[in-house]
Amino acid sequence: MVRFKRRYLVVEVVPESGYIRMNTLHKAVLEAVKRLHGDFGVGAVIPGFGVKYINPETSLAFISTGRGPHRLVASALPFITEVGGRPATVRSLHRAASMRHGFIFLKKYNEEKLKQLEEQLPPREREQLQKEKRKTLGAR
């Protein structure tokens, strides 16, 4: 017996309003795969397909699928225009072989975003934020 190999797609779902639920994202991805690849695509993707994680604050999600059909899912993501009846944009950020590697990517991605936001702050607020970070990290 051969094990079922998976791929995890780390995606950013940007809704125009509200937040996204796992089941609505699941349906939207399957609908996009069906529009793009037809019944063959849905049949290939369904075994092992699922939305494993969504962070409503950062709008990042993990989509799990089998290795091979993950290409069908990845190719359908840019064509998703609405999730749960609300307009939304879906961007693929990373493809990982395990959820652990996906979370490692997310940590680096969030640190880079935080640095970018820090650079946009005025110097006084930046110093205050760095003080708070040192205080928080020193409290551990």
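The values are calculated or read from the model by the stated rules, or taken from the named source; none is laboratory data. The structure displayed is predicted, hence computed values, not measured ones. Every residue, glycine as well, gets a Cβ built from its backbone with ideal geometry; the counts of neighbours run over all protein chains shown. When the accessible area is computed, the model is the full protein with side chains, heavy atoms only, and any ligands, DNA or RNA have been set aside. Shrake-Rupley method; radii C 1.70, N 1.55, O 1.52, S 1.80 Å.
Placing dummy labels 7 Å off each Cα toward the beta-carbon, the span from K135 to K108 is 3.2 nm. How much of the accessible area of the stretch 41-81, probe 1.4 Å, is carbon plus sulfur, in whole percent? Within the stretch 41-81, the accessible surface is 56 percent carbon and sulfur. When the pairs K34/K113; K27/K108; K34/K107; K27/K113; K108/K133; K27/K52 are compared against a 25 Å limit on Cα-Cα distance, K34/K113; K27/K108; K34/K107; K27/K113 fall above it. Accessible surface comparison of T81, T58, probe 1.4 Å, protein chains only, largest first: the order is T81, T58. In the full protein context, the stretch 6-140 carries 66 Å² of accessible surface per residue, based on a 1.4 Å probe and ignoring ligands, DNA and RNA.
Once the C-beta distance of N23 and E119 is scaled by a Förster radius of 41 Å, the resulting FRET efficiency is 0.60 to the nearest 0.05.
Couplings for the stretch 70-82, taken from phi via the Karplus curve 6.51 cos²θ - 1.76 cosθ + 1.60 with θ = phi - 60°, read 4, 5, 5, 5, 4, 6, 8, 4, x, 8, 7, 10, 8 Hz in order; Gly and Pro are left as x. H37 contributes about 60 Å² of solvent-accessible surface, heavy atoms of the protein only, 1.4 Å probe. Rg and Dmax of the stretch 8-77, both derived from C-alpha coordinates alone, stand at 11.7, 35 Å. Using Cα-only point scatterers and the Debye equation, what is log10 of I(q)/I(0) for the stretch 82-140 at each q in 0.12, 0.15, 0.22, 0.25 Å⁻¹, rounded to two decimals? The calculated log intensity ratios at q = 0.12, 0.15, 0.22, 0.25 Å⁻¹ are -0.53, -0.73, -0.93, -1.00. Here, the chain is characterised by an Rg to Rh ratio of 1.08, where Rg is the alpha-carbon radius of gyration and Rh the Kirkwood radius. The charge dipole of the chain, taken about its Cα centre with unit charges on the Cβ of Lys, Arg, Asp and Glu (plus for the first two, minus for the last two), comes to roughly 700 debye. Between F4 and E57, what's the calculated FRET efficiency when r is the beta-carbon distance and R0 is 25 Å? Round to 0.05. Calculated value: 0.20.
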